Structures are given as structure tokens and as C-alpha cells.
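Contents: one structure, followed by commentary.
The values are calculated or read from the model by the stated rules, or taken from the named source; none is laboratory data. The model shown is predicted, which means the values in this text are computed figures rather than measured ones. Glycine gets a Cβ as well: all are built from the backbone with ideal geometry, and neighbour counts include every protein chain shown. Calculation scope for accessible area: heavy atoms of the full protein, side chains included, ligands and nucleic acids excluded. Shrake-Rupley method; radii C 1.70, N 1.55, O 1.52, S 1.80 Å.
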Amino acid sequence: MTIRFDNSYAALPAGFYTRLDPTPVKAPRLLAFNDDLATLLGIAKDDLPDLAATFAGNSVPEGAAPLAQLYAGHQFGNWNPQLGDGRAILLGEVVGTDGQRRDIQLKGSGPTPYSRMGDGRAWLGPVLREYVVSEAMHALGIPTTRALAAVETGEPVFREQGALPGAVLTRVAASHLRVGTFQIFAARGEIAHLKTLTQYAIERHYPEADGPMGLLTAVRDAQARLIAQWMSVGFIHGVMNTDNCAISGETIDYGPCAFMDVYHPNTVFSSIDQFGRYAYSNQPDIVVWNLAQLATALIQQTSDKEAAVEEATAIVHAIPGLIREHWAEMFLRKIGITNAQDGDLDLVTDLLQRMAENQADFTNTFRSLSAESTRDQFTDPAAFDSWEDGWRARVAQEADPISVINAANPAFIPRNHRIEQMIDAAVAGDYALFERLGSVLSTPYDDQPDHADLKRPPKPDEVVPATFCGT
Ligand code: AMP
Ligand code: MG
């Protein structure tokens with residue numbers, strides 16, 4: 001056997017999923033394979049006879065138990081009673097060399113009973129975007145699903161733009177349990193399933209958690225930290241629906257996501273997010289909303305509902321405070337401060353306000369605090385100068401602010417315009433930028449002078465105003 005599968009989800013009751021194989025594709029061609037991740041998963045690449053066929057879904061590896069998972073969710077606040085993997089197949093799980101259990105899932109692997117009107121497929125653009133951005137997220141030190149492989153299918157998929165090359169992404173995740181997985185059983189009144197799922201999630205992710213409220217607390221803590229981490233690198237998820245909110249606390253589902261260039265708290269990237277529900281600065285509020293939905297679902301299995309509601313309310317109400325704590329710690333580090341004093345946070349909020357007023361690039365402004373040229377990031381450099389004196393006086397009391405700044409602020413992020421350029425080139429058969437982004441973003445905190453062009457914000461004609469969901 002070449003992938004040592006150890007499948008736990010397939011052992012859950014039949015109501016949790018539909019067993020089915022991926023749909024084979026015409027001409028699989030391997031575009032990318034993540035050797036480091038494969039090693040972590042204990043997969044010996046040379047043992048797999050045909051990587052393209054395996055990760056296109058054409059040849060199901062021995063030991064796999066392919067299935068599409070069932071879940072529901074609130075999308076943009078609206079309840080959808082049944083979603084599920086409409087274009088994904090869980091091949092199975094492996095326990096890595098680090099002892100952690102992970103899912104191996106094909107995305108874009110053909111229709112399932114949950115496809116609704118969709119074709120079950122993905123096109124090359126979003127597959128490469130997720131590959132690069134999720135791996136960049138991992139290298140930034142932020143919990144995330146990862147990318148093991150990308151395969152071109154040799155078949156067209158049809159989207160608004162016309163016929164596009166089809167592709168399959170192999171996604172690796174601590175699990176694919178979502179808030180929406182709990183919601184579906186709660187909404188249907190399938191309490192036995194809800195209890196089974198709760199027990200499963202506790203055993204798999206939070207073995208110390210005590211019962212449904214213990215699970216809620218653990219997910220809350222993981223999500224609070226995750227959201228603060230997103231904020232600290234200027235990440236906008238774009239579709240924080242409850243079906244895209246992972247129980248593990250990993251970032252999941254890279255659709256119309258983006259890292260901000262110019263800092264502004266109201267930044268939205270997704271073309272389908274008309275009202276800015278998932279804007280950058282709304283993310284902390286949305287996670288409260290999502291966790292309230294998880295609480296509502298979990299409560300359905302408790303015997304004393306009144307007491308459970310009271311307990312769950314207290315757990316959920318603590319989220320904003322937790323996010324603020326993480327946020328403060330992370331943003332103080334971004335300006336070189338590790339030992340907080342009264343008034344330090346004013347330095348952060350003051351800087352952010354000046355950045356917003358002066359179209360400062362989020363990533364480059366913070367990173368350049370360890371060098372000399374920060375004022376150039378501001379349309380009115382004097383707006384930085386009048387902040388700088390107070391800040392310099394304060395960091396003079398810190399032991400090694402330069403190292404702290406360089407460890408807290410990446411030099412490189414996957415900038416949206418580069419991702420778009422990468423996709424355009426790949427469609428034309430040129431993978432040089434895909435390879436280069438993958439390599440540079442694997443060490444995002446290192447100065448890599450040869451790749452300084454990838455630090456540059458978009459020129460006016462390069463700005464990508466919206467990332468289309470046409471995934
Ligand atoms: P997402 O916006 O990617 O989180 O997807 C929301 C839901 O739509 C999930 O149930 C997906 O499986 C499903 N879905 C998205 N795209 C497709 C597609 N091309 N074919 C079938 N189902 C899809
Ligand atoms: Mg999703």
C-alpha cells in the first residue's frame with residue numbers, strides 16, 4: 001500500500017455522507033506535487049505508480065474509502081438546509097509522521113448527490129490560487145488546509161468567462177468538519193447523529209474538551225486566534241459562511257479571498273459580497289455570528305436547554321474580548337513591542353488610522369518599520385513622521401525590536417494581482433510565476449532581494465478590483 005489510509009469518517013453512520021468514487025477525467029496531467037507535505041503525510045511519492053491518475057481521481061488508491069460529506073450552512077446569513085460536498089470527494093485519512101490525523105480530499109472531482117445545479121468541477125485558476133495561497137498561509141504560520149497536488153484534467157469546464165481548463169486540487173485538512181456539519185443534524189432533529197458528531201469532533205480535535213459546551217469553548221478559542229492572525233496579515237477570507245468555518249480552527253475554502261494591498265478597514269474583494277458582510281474589519285463580528293450558530297446547533301442535544309443556553313451565551317460573548325487580546329498582542333509585535341505598557345495600543349490604532357488616510361500598503365508599511373523607508377508608503381509622508389517620534393521613543397525600551405518586527409511582518413504575501421498574473425500565464429501554459437510564487441512564499445519572512453518585484457503593490461492598471469467566485 002502506498003498511502004497508509006486510516007479512515008474514521010467512513011466508519012460514522014451512513015447518514016453522514018454518500019460513498020462514491022471520483023469521476024475519471026480524460027487526460028490527467030500533474031501540475032504540482034507538494035513533496036514536503038507528502039513526506040509529512042508518510043506518502044512515498046515513488047511508490048505511487050501514477051501521481052496524475054491518483055490525484056485526478058482516475059485511479060482510487062488502495063485503502064481509500066471515497067465519500068462526499070453532508071453538511072448545511074448559512075450563506076451570507078441565509079439558511080441553506082442542505083449543502084454538502086458538491087464537487088469534492090474525501091479519499092480518506094492518514095496519520096502523519098507528526099502523529100496528526102488529516103483528511104485527503106479531491107476538489108473538482110466530479111458531481112455528487114450534493115452538486116445541486118453545479119458540474120462538480122473546478123477550473124485551473126481557483127485550483128492554482130488555492131494551492132499558492134493556502135501554502136503561503138501555512139508558511140506564514142497560520143492554521144490552514146494545505147495543498148498536496150494539482151492536476152489538469154484535459155477537459156474544459158464552462159464558466160461565465162467561457163470554456164476554461166479543468167483541474168483537480170488535492171486538499172489536506174485536519175478535518176473537513178464545519179459549523180454546517182453540526183447545523184444539518186440539529187436542524188433535522190437528528191439528535192443521535194448530532195451526539196455522535198460531537199463525540200467524534202472532540203476525540204479528533206479537542207480530546208480535553210468536556211461535552212458540547214467544552215467543544216464550543218475549544219472551537220471558540222481556535223477561531224478567535226485564527227481571526228486575529230488573519231487580521232495581522234491583512235487577509236480577507238471573503239466567504240465566511242458557516243459551511244466555511246472549520247471546527248479545527250484552520251482556514252478553509254479559498255474562494256474569493258485576498259490579502260489587502262492598501263490598508264482600509266472596509267476593504268472587500270469578493271464580487272458576490274455586495275454589502276460588505278465579509279469586509280476585512282467585519283471578520284471578528286462574523287465569527288461571533290458563526291459561533292452563535294454552532295452554539296445553537298450544539299444545544300439541541302442537551303437535556304437542560306435553559307442552562308445550556310445560558311452557558312453557551314457566555315462562551316460566545318467572550319469571543320470579542322479574546323480576539324482583541326490576540327489582536328493587541330500581534331499588532332504590538334508588528335510595531336516591535338513585546339512587553340505591553342499602557343498607551344501602546346494607541347500607537348497601533350493611530351498608525352492604522354494614518355495608514356488608512358494615506359493609502360499606505362499594509363504589508364510594506366509594517367515590514368519597513370525595521371528599515372528606513374516607511375514614510376514613502378504614505379501619500380503624505382509627514383503623517384508618518386509625526387507618528388514616528390513617539391514610536392521610536394517607545395521602542396527604544398524594547399530589547400530587539402528589529403527582530404520582533406521582522407518576525408511579525410512578512411516581506412512577501414500572495415498579492416492578488418500576482419495571483420491573477422500567475423493564472424493568466426498558466427492558462428497560456430506558462431507555470432514560471434506559479435513556481436516562483438510557491439518558492440518565494442515558502443519563506444515569507446525572509447528578505448529575498450532577487451524577488452523584490454513581488455513586494456511591489458499593484459500599479460493602477462494591475463489592481464484586481466474583485467475576485468470572482470466563478471470557481
Ligand atoms: P463554496 O462556495 O465553495 O464554499 O461552495 C458552496 C457549496 O456549493 C458547497 O456545497 C460546494 O460543494 C458547492 N459547489 C460549489 N461549486 C460547485 C460546482 N462547480 N459543482 C457542484 N457543487 C459546487
Ligand atoms: Mg465551502
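Can you tell me which of Glu155, Glu135, Glu130, Glu93 is open to solvent by 30 Å² or more (accessible area, probe 1.4 Å), within 16 Å of Leu37 (Cα to Cα) and not in a loop (DSSP other than H, G, I, E, B)?
Glu135
Which residues, counting only those in the range 400-417, are in a loop (DSSP other than H, G, I, E, B) and free of Cβ contacts under 8 Å to residues at least 40 places away in the same chain?
Correct list: Asp400 only.
Is there a residue in the range 422-440 that is within 15 Å of Leu140 (Cβ to Cβ) and either in a loop (DSSP other than H, G, I, E, B) or assigned by TED's automatic domain parsing to the domain that holds Glu152 (or both)?
no
Could you count how many residues in the range 34-89 are within 12 Å of ligand 1 (Cβ to nearest atom), of a type outside the set (S, T, N, Q) and not in a loop (DSSP other than H, G, I, E, B)?
The number of residues fulfilling the criteria is 5.
Residue-by-condition table, conditions (1) open to solvent by 50 Å² or more (accessible area, probe 1.4 Å); (2) of a type outside the set (Asp, Glu); (3) more than 13 Å from Met240 (Cβ to Cβ):
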site: Gln274; (1), (2), (3): yes, yes, yes
site: Tyr280; (1), (2), (3): no, yes, no
site: Val287; (1), (2), (3): no, yes, no
site: Ala295; (1), (2), (3): no, yes, yes
site: Leu298; (1), (2), (3): no, yes, yes
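From the list Ala150, Ala222, which residue is within 14 Å of the chain's Cα centre (by Cα), in contact (Cβ under 8 Å) with a residue 60 or more places away in the chain, open to solvent by less than 30 Å² (accessible area, probe 1.4 Å) and away from ligand 1 (no atom under 16 Å from the Cβ)?
Just one listed residue meets the conditions, Ala222.
Do we find that Glu310 is over 22 Å from the mean Cα position of the chain (by Cα) and either part of a helix (DSSP H, G or I) or of a type in the set (Val, Ile, Thr) (or both) in this structure?
Criteria met by Glu310.
Name the residues in the range 51-82 that are of a type in the set (Ser, Thr, Tyr) and within 15 Å of ligand 2 (Cβ to nearest atom), would you?
Selection gives Tyr71 alone.
Starting from residues that are of a type in the set (Phe, Trp, Tyr) and out of contact with any strand residue (DSSP E or B) (no Cβ under 9 Å at 6 or more places or on another chain), keep the ones in the range 288-336 and report whichever is farthest from Ile227 (Cα to Cα).
It comes out as Phe331.
What's the total number of residues in the range 230-254 that are in a loop (DSSP other than H, G, I, E, B), of a type in the set (Gly, Ala, Ser) and open to solvent by 10 Å² or more (accessible area, probe 1.4 Å)?
Residues that pass the stated criteria total 1.
Checking Asp446 against (1) loosely packed, with under 14 Cβ neighbours inside 10 Å; (2) without any contact (Cβ under 8 Å) to a residue 24 or more places away in the chain, which single condition isn't satisfied?
(2)
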